[in-house]
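Structure, as structure tokens:
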Amino acid sequence: MSHDHDDRPGLNAAQAEAALNPPPGRVGGDLVTETLQGLGAATVFGVSGRPAPGLSGALRRSALAYVELGAENNAAFAADAYGRITGEVAVLLLTAGPGALAALPALQEAAAASAPVLAVCAQVPAAGLGGRRHGHPRELRDQQASFREVVKSVHPVRTASQIPSAIAAAWESALTAPHGPVWVEIPEDVLRAETVLPPVSALDATPRELYPRPELTLVAADLLARAARPAIIAGGGVVRADATGKLRALAERIAAPVATTYGGKGAFPWEHPLSLRSWPGDPRVTELLEAADVLLVVGSGLGALSSGGHTFAPRGRVVQIEADAGKLESNHPALGIHSDAREALDALLDAVEPREDATAADRVRTTLEAAPDPAAAAQGPGPDARVLAAVRAALPDTAPSFWDLTPLTTRAWSAFDARRPNTMHSAQGAGGPGYALPSATGAAFADPTTPVLAVTGEDDAPHTAAELTTARRYGLPVTWLIVDGDGDGDRGDGGDGDHEDRDGGPDALRPDLVALAESLGVPALRSTPASLATDLTTALRAPGPSVIVLRAR
């Protein structure tokens, strides 16, 4: 069999010389860093101090920037955010055993959000693998098993020559729709051992495109064009696929109202005449969606959080576009289209006939006018509505925000206008505390020129307060808003709003977070709902990190 040309990458003169005469002193860890650089990585995340054995010297010899956080879980949250903001693979370096296990909650969060995180984890020496228990430090019987059901793919390495191919395969997997975290495991002795293999140069890890099947596109286009009351639910897959423009074009072409899930905030303009805003929430919006004769669901599996706890019951025909095949028809019978959202919407735009409906915008307006304000409905016209309004007023449209799970966050899911896609993120997957601040740190590394906001409840703040030292050390533009009482305006104490506990109760045990921040060299102040917009605006414009502790009433 002959070929007219050869697309295989070649070597330049310097690379050829290095291949024939490898520089001395290289170890398996150098193959890791060389592969990562060859694939395009510039920044890697890990913990303070020594990374995995064999990687310290390799990192110093490389051009990679090693970002050090205080704990493995925080480093993984930072990598997750870096991957979300850039859309590129975020590299995470982990040690074996407890260090790896500590990152599991953050990797679960990355999996839920389809964030492309590549975790390179050390393993005990190869002699201790395969069930042979030699009692090595950090030894687990089957380390891979702890991650196999969390990450998208697992890539074990047992020899130095396997390192470049395993990392390239993991890189491709992380970026192939649906994006997600991947796992590369390398024994410590392989990372430390000297190698005579030539420096890694030419690599190809191009992600596979996921296109819709044309016959399914044709059926979906016909259903939408002939529908009397079409509607659209847009999930996070639209944002991750950078398909918001195509979503808007399709909605306008078929005159279909659009609601976004909480993970899809920003996928459709909040003030658009066809926008039903964030959903689920108000029963009137739910009824409009359930009554649609054709419901297009793009980039969502309509899981518990995106369906009112699985109470959503569409009565018409459902067309579902989803890159994760396991989510197709997982909750509702549908015409399931396994595809990246961008490619599927592009194909629908080519196939669907325009549909005229002068009443669509009127139905949306009537529905929203009848629906109460989500924040006010949750509590009445209390402080949390003012808090959300102040955050929205102070936060630049392009600035990302990261929210721990608090009552304020659950209201923000419905009531907060993200204004831009990929700017509001919260811990919807693992749901554990301590997500916001380390994630904001990772986002700041993705774009150090844009301020980043982290929002945390007072009770959860001590979980990650140590990462203020990371933000200060690197001079990151991270503002940490700590909401006393979680922004609910009611601490449940039945008192008069004075949280001081003269009898030494729970409030007396809370640390003084302003003093703590100042002790770490980070500017901090106490704010109120009335002054929050001004205080936040000032903090977000200032260089470096800052802390605002909000007394919610």
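The values are calculated or read from the model by the stated rules, or taken from the named source; none is laboratory data. What you see is a predicted model; the values in this text were computed from it and never measured. Glycine also receives a Cβ, built like all others from the backbone with ideal geometry; neighbour counts cover every protein chain displayed. Accessible surface is based on the protein model in full, side chains and every heavy atom, while ligands, DNA and RNA are left aside. Shrake-Rupley method; radii C 1.70, N 1.55, O 1.52, S 1.80 Å.
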Span per principal axis, largest first, for the Cα atoms of the stretch 294-453 (Å): 43, 38, 29
For the stretch 184-278, accessible area per residue (1.4 Å probe, heavy atoms of protein chains only), Å²: 41
Square roots of five times the Cα gyration tensor eigenvalues for the stretch 433-486, Å: 19, 11, 8
Other-chain or far-sequence residues with amide H under 5 Å of residue 123's (modelled H): 186, 188
Accessible-area composition of the chain, carbon plus sulfur, in percent [1.4 Å probe]: 51
Set of lysines near residue 152 by C-alpha distance (under 17 Å), chain-local residues within fewer than 8 positions excluded: 327
Amide proton proximity set for residue 297, modelled H, under 5 Å, gap of 5+: 233, 319, 320, 321
Those lysines that a straight Cα-Cα span of less than 16 Å connects to residue 265, excepting residues fewer than 8 apart in one chain: 246
Cα-centred dipole magnitude for the chain, charges only on beta-carbon of K, R (+1) and D, E (-1), debye, nearest 20: 520
Rg over Rh [alpha-carbon atoms, Kirkwood Rh] for the chain: 1.01
For residue 215, solvent-accessible area (1.4 Å; no DNA, RNA or ligand), Å²: 90
Cα-only radius of gyration and Dmax that characterise the stretch 51-107, units Å: 11.6, 31
